[in-house]
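For reference, the structure is listed below as structure tokens.
The values are calculated or read from the model by the stated rules, or taken from the named source; none is laboratory data. Fair warning: this is a prediction, and the values are worked out from it, not measured in the lab. A quick note on method: Cβ atoms are made from the backbone with ideal geometry, for glycine too, and the neighbour counts reach across all protein chains shown.
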Amino acid sequence: MKTFGIMKETDRLGRLHIPKELSVRLGLSEKVELVATKEGLLIKSVEYELKKRDAGDE
């Protein structure tokens, strides 16, 4: 994959908007995981989601 970058500002609540073209290009799903690393922020698609089960579900 060719390296590219983009600079975005956060809104007044600290949120970061990922442009649609970029999310499609990277294959991101609607839900993403943000991971803080030494190099910066890693954005990953959520592959699975753990859900709390009720006691009656067993």
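Of everything in the range 1-26, what is aliphatic (A, V, I, L, M), more than 16 Å from LEU41 (Cβ to Cβ) and part of a loop (DSSP other than H, G, I, E, B)? Give them in sequence order. Scanning the range 1-26 gives MET1, LEU13.
For beta carbons closer than 7 Å, sequence separation of 6+ or different chains, a first residue in the range 1-16 that is among the polar types (S, T, N, Q) and a second that is surrounded by 10 or more Cβ atoms within 10 Å (Cβ to Cβ) and part of a loop (DSSP other than H, G, I, E, B), the qualifying pairs are THR10/LEU16. Each residue in the range 1-16 was checked for being modelled with pLDDT of 90 or more and within 14 Å of the chain's Cα centre (by Cα), and 1 of them qualify. The numbered conditions (1) modelled with pLDDT of 90 or more; (2) part of a strand (DSSP E or B) are all true for LYS38 except (2).
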